[in-house]
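The values are calculated or read from the model by the stated rules, or taken from the named source; none is laboratory data. Model, not experiment: these values are computed from the prediction. Positions of Cβ are generated from backbone atoms using ideal geometry, with glycine treated the same way; all protein chains shown enter the neighbour counts.
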């Protein structure tokens, strides 16, 4: 029987600190992803093709979530979180300082890849047990609203931080002093690491719940893979990652390439996405708490179908008009899906198995998503080399992929009608 959530000031403070911790992680993630990390790589002299491979390989860091099983029963998990996160974030900070160090191109390239990969890998190892620790402080009846609030604060702060970092880099690049921008960003990451470590130190950890019988990662895996409810959720979450990885990774080049969007318009779309996401996260979180995360999952699938169906019709002539509709549906999908991915997994297993269940779901989904993106990248190349024609139909590659993604979300919606029970806070089924 699970312990009640303690209402003491220390436990309430920890829930607040969890929001702060997640926000700090989001700020750090901004500077080690997308255009920001590509800027560092380009300054070193790494080619565009190699940069793309490096950014794609970072998705394989999800495999290291499986190592979280080794930490599932380690206590206090806070100590492990401090060690792993401090090292992983220091690796990220060092990435920004590599361009200003007087080393050869080969040495800089090796250090860049090593620090970046180690940062992603160490973060993946500790993320699942850390999440299980913090989520154990949240009342199960309020998880929907809490995760929505956490996501809303993170994305709002990330929007402001990302805009400021971009302006900073643009300013120093305009005056011909990009090295100073790298130093400032590196120092900023060191400072965020210190703040993040403080939040972990100040957070409270619940006493471990007694587990009947022997425990261990081997027994946890046996329970998980004999749990019908978890296996159904794992299959759904993995297929969802596949559907997301079919088209979305190729939209960025479409926006600034074929559609000809300016960076100002792209920034405007990002702000719209953030605003809709924040509002949608609260509404959908309350909806999940009133009904179930199974209901929210199905609603999210509707938004997934809608956004990709809209994208299938986006061409340069109507792009600015239709993109608003796409961003709205994509933001609503993201708000609902973010909450569902973790909470459906948590609802399908017992408390002692949550770390392993979350780690497996992320690792399997990450591997499948990466493989699908690599596979469909060949299709994109084929369509583009064929003059944007496939099966005799003339359209952009991203339009074909959008149709495929919308169809996958439709399958996911129908599948979830049979695979997910709508009973709120579904209990674990009897083992096979």
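Laid out as a table, the results:
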{"read-out": "Test: residue in the stretch 377-384 that is assigned to a helix (DSSP H, G or I) and under 30 Å from residue 420 (Cα atoms)", "value": "no"}
{"read-out": "Condition met for residue 122 (part of a loop (DSSP other than H, G, I, E, B), over 16 Å from residue 18 (Cα atoms) and assigned by TED's automatic domain parsing to the domain that holds residue 188)", "value": "no"}
{"read-out": "Among the candidates 235, 248, residue that is under 22 Å from the mean Cα position of the chain (by Cα), within 27 Å of residue 65 (Cα to Cα) and at pLDDT 85 or above", "value": "235"}
{"read-out": "The one condition in (1) more than 13 Å from the chain's Cα centre (by Cα); (2) free of Cβ contacts under 8 Å to residues at least 60 places away in the same chain; (3) under 22 Å from residue 145 (Cβ atoms) that residue 351 fails to fulfil", "value": "(2)"}
{"read-out": "Residue check, residue 348 farther than 24 Å from residue 153 by Cα and either surrounded by 19 or more Cβ atoms within 10 Å (Cβ to Cβ) or in the same structural domain as residue 403 (by TED's automatic domain parsing) (or both)", "value": "yes"}
{"read-out": "Candidate set: the stretch 307-328, residues that are in contact (Cβ under 8 Å) with a residue 24 or more places away in the chain and farther than 23 Å from residue 388 by Cα; chosen: the one surrounded by the fewest Cβ atoms within 10 Å (Cβ to Cβ)", "value": "324"}
{"read-out": "For residue 177: the one exception among (1) more than 20 Å from residue 92 (Cα to Cα); (2) at pLDDT 85 or above; (3) in contact with a helix residue (DSSP H, G or I) (Cβ under 8 Å, 6 or more places away or on another chain)", "value": "(3)"}
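Each row is one residue, and each column tells you yes or no for (1) surrounded by fewer than 20 Cβ atoms within 10 Å (Cβ to Cβ); (2) closer than 20 Å to residue 203 by Cα; (3) modelled with pLDDT of 75 or more.
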{"position": "111", "(1), (2), (3)": "yes, no, yes"}
{"position": "123", "(1), (2), (3)": "no, yes, yes"}
{"position": "131", "(1), (2), (3)": "no, yes, yes"}
{"position": "141", "(1), (2), (3)": "yes, no, no"}
{"position": "147", "(1), (2), (3)": "no, yes, yes"}
{"position": "151", "(1), (2), (3)": "no, yes, yes"}
{"position": "154", "(1), (2), (3)": "no, yes, yes"}
